[in-house]
Structure formats: structure tokens, C-alpha cells
Amino acid sequence: IESIQDSAISILAWVQDKLTELVARREDTEALEGTTSFTGLAADTDVNEITAGANGDAISYAKLVDLVFKAKEGASRAGAAYFMAPAAMAKVVGLRADAVTAGDGAGQPIFQFGNVPGEIRMFILGFPVWMHSGILTNRTKGTGTTLTNIYYGPARQITFGDRTGMSWDVSDSAGTAFENYQLVMRLIKRTAISVALGKAFTRAIDLVT
């Protein structure tokens, strides 16, 4: 309460804004990685899958191409995007052409080609890249311990349903708040999340970050 009284800004509005951001992040995380309350792209059995070796695979240009074309229907590429952890995108940006496939371009960055000081365009093969910190980078397989998944597909095929909207409550009488001169804040949001068409998505699993 003292912080609210002494602050030059509205602490309640600031906290509410940050909690709302956390709710949105949690929803996105569950849509991508959910395995319990929601079944996200990581666990949906209908999602096309590109597997890795016994200890995980390195992120490669071939994997990025396979993600686009693993799904057979053209609708899976309409409005599609890549979804990956920032650590995975760092590997993508660092990919270099090898001598076998690139000839005189060997060693050049695949996605920048000598324009390293320039802006990194967040597109791969013409499709946007959405980075999300909720995508795990600590998966394990065999001796691999810093593994991640990359997802690809049209986000519109993931359905979010608000059951009750957001409920924002502030109280000074919960628990020991009254005697300690405190406020307790609570934000509740009931949401349903469903991968509407799993076959429209592809996941490349167990990639080294």
C-alpha cells in the first residue's frame, strides 16, 4: 500500500498490465509446448514429425526445408510461420554454406550472405519466424541435453477460446494482508486451447541449441 501511495505512476495499472502479458505468454507456451492441461504442438499426435538421431541433431538448412514441405496440403503453407526458441534462431542465423553445396560461396552465412552488419530479416524461405522464450531448450535424448523443437504451420489452426474473460481482483483482507498493510492482487482467466488441425503443422524434434 505504501508503494501505491508513494509512486508517481499507477502501480495497480502497471501490475495489471504485466500480469496480462504473463497470461498471454502462458497461453502461447501451452499452445506450443503444452502436454498436461492443454495438448500443444509438442504433444499432438496428429502433427507431422521430423525425428532426430539418438543424441539429437544439429539445426540444418535441410531440416528447415523439410519443415515446410512435410505436410502435403497446400493449406498448411498458407499464412504459415516458424516457431522456435531464440537459441534456435541464433543457430539458424549462424548456419553457413558448406563447400559441397555452395562452391565459391562456401563459408558464407546462408541467410545473410556478406551483409552481417545489416538487419537480420526474421524470415526463412519467405515465411516469418516467431521466437518464443516458452519453447523448451533443455530437452534430453541420449547424451543430448540442450535440445529443442522447431514448429511450422499456420497459427490460425490453433484455437483459443475464452470461457470467462479476465477477472482482476484486489483485496486487503486476504490472509494476513490487512494486518500487514498490504494488498493482494489476483488475475484469473479461463481459456480453452486446441490444435484444430494437427496435420497442418510439422515439428522437428530434438535439435541442438
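The values are calculated or read from the model by the stated rules, or taken from the named source; none is laboratory data. Treat the numbers as computed from the prediction; the structure is a model and nothing was measured. Note: ideal-geometry Cβ built from the backbone for every residue, glycine included; neighbour counts use all protein chains shown. To get the accessible areas, we keep the full protein, side chains included, count just its heavy atoms, and leave off ligands, DNA and RNA. Shrake-Rupley method; radii C 1.70, N 1.55, O 1.52, S 1.80 Å.
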With point charges of +1 on the Cβ of Lys and Arg and -1 on the Cβ of Asp and Glu, referenced to the Cα centre of the chain, which listed residue (Ala13, Asn48, Thr36) lies farthest in the positive direction of the dipole? Asn48
Within a Cβ distance under 9 Å of Ala204, other residues only, what is the Lys/Arg minus Asp/Glu net charge? -1
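Rolling a 1.4 Å sphere over the protein heavy atoms, what is the accessible area per residue of the chain, to the nearest Å²?
Here the residues of the chain average 57 Å² of exposed surface.
Within 11 Å, Cβ to Cβ, of Gly144, how many net charges do the neighbouring residues add up to if Lys/Arg are +1 and Asp/Glu are -1?
So the environment of Gly144 carries a net charge of 0.
Between Ile4 and Ala78, what length in nm is gained on full extension when 0.36 nm per residue of separation is reduced by their alpha carbon distance?
Details: separation 74, 0.36 × 74 = 26.64 nm, distance 4.81 nm.
Additional length available on full extension: 21.8 nm.
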Summing Lys, Arg as +1 and Asp, Glu as -1, what charge do residues with Cβ under 13 Å from the Cβ of Ile50 carry, Ile50 excluded? -1
Tell me which DSSP H helices of the chain clear both cut-offs, 30 Å or more of axial length from alpha-carbon atoms and a mean Kyte-Doolittle hydropathy of at least -1.0. 11-33
Quote the FRET efficiency, to the nearest 0.05, computed for Ala58 versus Ala192 with a Förster distance R0 of 45 Å and r equal to the Cβ-Cβ distance. 0.75
What's the longest uninterrupted piece of the chain once you rule out the GluC sites (Glu not before Pro) that are loop residues per DSSP with at most 12 other Cβ within 10 Å? 1-72
Give, rounded to the nearest 20 debye, the magnitude of the charge dipole that the chain has about its Cα centre when Lys and Arg contribute +1 at Cβ and Asp and Glu contribute -1 at Cβ. 680 debye
Dipole of the range 43-202 [Lys/Arg +1, Asp/Glu -1 at C-beta], most positive-end residue of Ala200, Thr148, Phe160: Ala200
Label-reachable residues, the range 23-40, where backbone N falls under 14 Å from a point 7 Å from Trp130's Cα toward its Cβ: 24-34, 40
Residue-span extension gain [Leu95 to Thr176] - 0.36 nm each, minus C-alpha spacing: 23.6 nm
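In the chain, what percentage of the DSSP-assigned beta bridges are antiparallel, given to the nearest 5?
75 percent
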For 78-88, 4-14, ranked highest to lowest by mean beta-carbon neighbours within 10 Å, the order is 78-88, 4-14
Check each of the chymotrypsin sites (Phe, Trp or Tyr not before Pro) in the range 114-209 and keep only those in coil by DSSP with at most 11 other C-beta atoms within 10 angstrom; list them in order. Tyr181
Which residues make up the longest stretch of the chain clear of trypsin sites (Lys or Arg not before Pro) that lie in a DSSP loop with no more than 14 other Cβ atoms within 10 Å, not counting the sites? 122-209
